[in-house]
Amino acid sequence: MEKIQLLEECKDAKNIFISGHVRPDGDCIGSCLAMYLYLRKALPEAVVKVSLEEPSEVFRCIKGFDEIDGTYAVDGEVDVFIALDCEKSRLGEAEEIFANARKRINIDHHVSNERGCGDVNYIVAGSSSTAELVYELFDRQYMDAEIAKAVYIGIVHDTGIFNYSNTSPKTLRAAAELIEYGFDFTEVIDETFYEKTYTQNQLLGRALLESIMFMGGKCIVSVIDKKTLDFYNASSKDLEGVINQLRITKGVECAIFMYETGNLEYKVSLRSCKYVDVRKVAAFFGGGGHVRAAGCTINGTFYDAINNISKQIELQMKEYKEKNKKME
Ligand code: 5GP
Ligand code: MN
């Protein structure tokens with residue numbers, strides 16, 4: 001998809017509203033704050049707002065974090081709405097504001113959002129992160145260390161620190177440019193990625209201890225129920241990283257992590273290593289994401305959910321096996 005002229009698209013706007021997906025992750029928060037800092041600098045006349053649902057405190061190190069409005073309040077009409085890292089159905093409370101905005105811009109890298117949901121779209125499914133895309137659109141004359149740091153954090157989180165297969169030479173070139181702006185790139189990785197609270201470690205420990213391998217060790221699943229979350233006074237933010245640890249279990253192709261969000265309702269995270277397209281699996285249950293990392297919400301008992309997910313994974317594994325046989 002062709003690059004968009006971001007400043008040109010926003011130049012007449014008095015009110016600009018930026019938001020991303022519910023349960024925002026590092027890429028979502030990083031790209032929203034980078035966009036916020038950038039537009040405030042490049043378009044000082046405009047009123048720029050950023051709203052997100054309860055961002056994790058670890059991202060407080062990004063400038064502008066305190067200005068994120070969790071109430072989704074709007075003053076008057078929104079001239080330009082910038083939806084980042086998602087399609088409109090995942091905007092949560094911001095979806096209505098998006099629908100009523102004069103102009104909608106959508107920047108995303110999810111395969112499941114192929115065409116984009118804006119009037120103006122910049123969707124590149126192969127890109128590592130929305131942060132990388134946002135950076136491509138920024139006029140370098142307005143860049144500074146704080147904007148660079150926000151972008152870098154976004155990229156770092158969606159690439160598992162330049163480790164996942166979505167990392168490209170272009171990603172690394174962008175990262176090299178970004179660190180030249182001069183922020184502490186070691187500290188931001190420790191603070192936002194590696195550091196875990198005691199509660200997070202305890203929950204991770206439980207999830208690993210109670211995990212189950214199946215399909216001859218090719219799959220691993222773990223679940224945290226509501227009672228456990230309540231016992232630790234924890235929320236979904238405290239479960240960040242569990243799925244990554246499950247995924248790196250030796251021999252595993254596909255990792256599944258579920259946590260109970262309500263009565264007979266589970267939020268599901270899926271990861272794969274080499275060949276299972278987990279986006280396809282998630283899409284079967286109304287979710288989405290990327291080929292190697294996706295998610296969905298499933299209603300029913302844990303056993304029903306895992307049975308149904310396994311069936312979808314098994315289908316792909318069979319297909320893969322047959323394809324390989326033919327090639328032999
Ligand atoms: P996570 O497992 O970390 O929550 O999500 C992995 C990836 O899948 C992320 O890119 C996230 O945006 C996407 N994702 C997670 N849950 C959903 C969902 O319910 N619907 C859609 N469309 N994407 C999801
Ligand atoms: Mn992302």
Return the lysines within reach of Lys226: Cα separation strictly under 16 angstrom, same-chain partners fewer than 8 residues apart disregarded; answer none if there are no such residues.
Lys237, Lys267
Among Val276, Cys219, Leu209 the positive-end extreme of the charge dipole of the range 203-280 (Cβ point charges)
Val276
Where labels lie 7 Å past Cα in the beta-carbon direction, separation of Asn308 and Leu7 in nm
4.9
Arranged by the count of other C-beta atoms within 10 angstrom, fewest first, what order do Cys273, Cys28, Cys296 take?
Cys273, Cys296, Cys28
On a C-alpha basis, how far is the centre of the range 11-89 from the centre of the range 153-174 in Å? Whole number, if you could?
22
Mind checking the full-extension length gain between Tyr320 and Tyr194? Use 0.36 nm per residue of separation minus the Cα-Cα distance, one decimal, nm.
41.9 nm
Taking only Cα atoms and a 10 Å spring cutoff, compute GNM fluctuations for the chain and point out the largest among Lys218, Lys227, Lys103.
Lys227
How much length would be gained if the chain were fully extended between Tyr275 and Arg140, taking 0.36 nm per residue of separation minus their Cα-Cα distance, in nm to one decimal?
44.8 nm
Between the range 226-258 and the range 90-148, what is the C-alpha centre distance in whole Å?
28
GluC sites (Glu not before Pro) restricted to DSSP loop in the range 1-53 with at most 16 other C-beta within 10 Å
Glu2, Glu45
Taking other Cβ within 10 Å of each residue's Cβ, how do Arg173, Arg279, Arg104 sort, fewest first?
Arg173, Arg104, Arg279
Amide hydrogen neighbours beyond the local backbone of Phe81, cut-off 5 Å, H modeled
Phe17, Lys103, Arg104, Ile105
Angle, helix 26-42 long axis vs. longest principal axis of the chain, Cα atoms, 0 to 90°, nearest 10?
10
Which net charge results for the neighbourhood of Pro24, defined as the other residues with beta-carbon distances under 9 angstrom from its beta-carbon, given Lys and Arg at +1 and Asp and Glu at -1?
-4
Based solely on its DSSP helices, what 222 nm [θ] is calculated for the chain when runs of n ≥ 4 H residues each add -39,500 (n - 2.57) and the sum is averaged over all residues, nearest 500 deg cm²/dmol?
-11000 deg cm²/dmol
Using only Cα atoms and rounding to the nearest 10 degrees, what angle (0 to 90) does helix 145-158 make with the longest principal axis of the chain?
20
Asp144, Asp190, Asp158 arranged by Cβ crowding within 10 Å, fewest neighbours leading
Asp190, Asp144, Asp158
Given a Förster distance of 41 Å, the FRET efficiency implied by the Cβ-Cβ spacing of Glu67 and Ile212, rounded to the nearest 0.05, works out to 0.40
Segment Lys227-Leu172, length gained on full extension (0.36 nm per residue, minus Cα span):
15.6 nm
Nearby lysines by direct alpha-carbon distance to Lys41 (threshold 18 angstrom, same-chain neighbours under 8 apart not counted)
Lys11, Lys14, Lys49, Lys63, Lys149
So how strong a dipole does the chain carry about its Cα centre when Lys and Arg Cβ are +1 and Asp and Glu Cβ are -1, to the nearest 20 debye?
1420
Output ordering of 251-261, 77-87 (per-residue mean of other Cβ within 10 Å, highest first) is 77-87, 251-261
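Read-outs: derived from the displayed coordinates by stated rules, not from any lab. Predicted model only: the values in this text are computed from it and were never measured. Note that we place each Cβ from the backbone using ideal geometry, even for glycine, and neighbour counts take in every protein chain shown.
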